[in-house]
Structures are given as C-alpha cells and as structure tokens.
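Trainee: Before we start, here is the structure in question, set down as structure tokens.
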Amino acid sequence: MKLAYLDSAVWITRFEGLPAYKKIINSHLNELSKKGWSFCASEAVLLEVMAKPYRDNNTEVTKAYNEVFEQTLLLKVLPNVFEIALMIAQGENLKAMDAIHVAIAVQHGCKRFVSTVPHFKKLKIMPSTWIDLSI
C-alpha cells in the first residue's frame, strides 16, 4: 500500500477553508487516490485540527472531523518521535510541529507527504506533494 501522510493544513483547509480551496484540495486528493495512494493522518494531526473547533465549541466542525477520522488510518506517535523530529527540523529547516509530522510519516513508512504549506515543496527526506491554493 502506498501511504500518503496528509498534514494538518490539508485537513483544516479542506474542512474550514474557502470553498474554492476545498475544491482544489479534493481534486488533488482524488488524483492521488486514482494513482493508488491511501491517505493517513496522525494523533498529532488530530490534536492540531481539533484544538480550535473544541475551543470555539464548534460542534458541526468537530463532528465532521470525528466522522472523517473514524475512516482514516491514524498513525500513533511513537516514543522516539521527538528525537527524530529534532534531526529532521535541523536538516529540513522546519519548525518543531512540522518536523514532528514529517517524523511520524517517516517512522510509519509513508511514501509521500501532502501539504498546502509551501515550505514542504522542498522536503528532502521524502517525496512531497504541495497543493497550491493560489487562485
């Protein structure tokens, strides 16, 4: 199975972003799916995407996330993820949380990292798909 890690920005934009952005993201994900990619997220993604809807008591968005994550492979945060993330942060010039996402993807054998954040375009440790949201 070809596993593609969807970072938090993809999920947040897909569920809470502008309709035009949702369309772009869904189009990219459909193309990847047609090419045999399966999608996953992690417990770290879950924390990031759920924080604001919980804080705002936005039950509609919280429910939508819960429904989609029930059907999504959720990768566990393994014990040495922070040690690996530190090395990735240094080598890739990433912020801590971004490096944690990449480390989780690497630890679980993901073959692609999918994001809407431009600095992931030049990811060296694994292939990436950058979803350009410029309209």
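Trainee: What stretch of the chain, leaving out the sites themselves, is the longest with no trypsin sites (Lys or Arg not before Pro) in a DSSP loop having at most 15 other Cβ atoms within 10 Å?
Mentor: On the way: sites that count: K35, K76, K95, K111, K124.
By the stated rule (loop sites, at most 15 other Cβ atoms within 10 Å), 36-75.
Trainee: I would also like to ask the following. Provide the three semi-axes, in whole Å and in decreasing order, of the ellipsoid equivalent to the chain as defined by the square roots of 5 times the Cα gyration tensor eigenvalues.
Mentor: So the three semi-axes of the chain are 22, 18, 15 Å.
Trainee: What FRET efficiency would be calculated for the residue pair D56, F82, taking the C-beta separation as r and a Förster radius of 35 Å, to the nearest 0.05?
Mentor: 0.75
Trainee: Rounded to the nearest Å, what's the spacing between the alpha carbon centres of the range 112-135 and the range 9-71? Just the number, please.
Mentor: 16
Trainee: Continuing with this model, one more query. Might you report the magnitude of the Cβ-based charge dipole of the range 2-130 about its Cα centre, with Lys and Arg at +1 and Asp and Glu at -1, to the nearest 20 debye? Don't skip to the answer; put the middle values down first.
Mentor: Values: 16 positive and 12 negative charges, 107 e Å.
That gives the range 2-130 a dipole magnitude of about 520 debye.
Rule-based calculations on the coordinates, nothing more; no lab input. Fair warning: this is a prediction, and the values are worked out from it, not measured in the lab. Methodologically, a virtual Cβ is constructed for each residue, glycine included, from the backbone with ideal geometry; neighbour enumeration extends over all protein chains shown.
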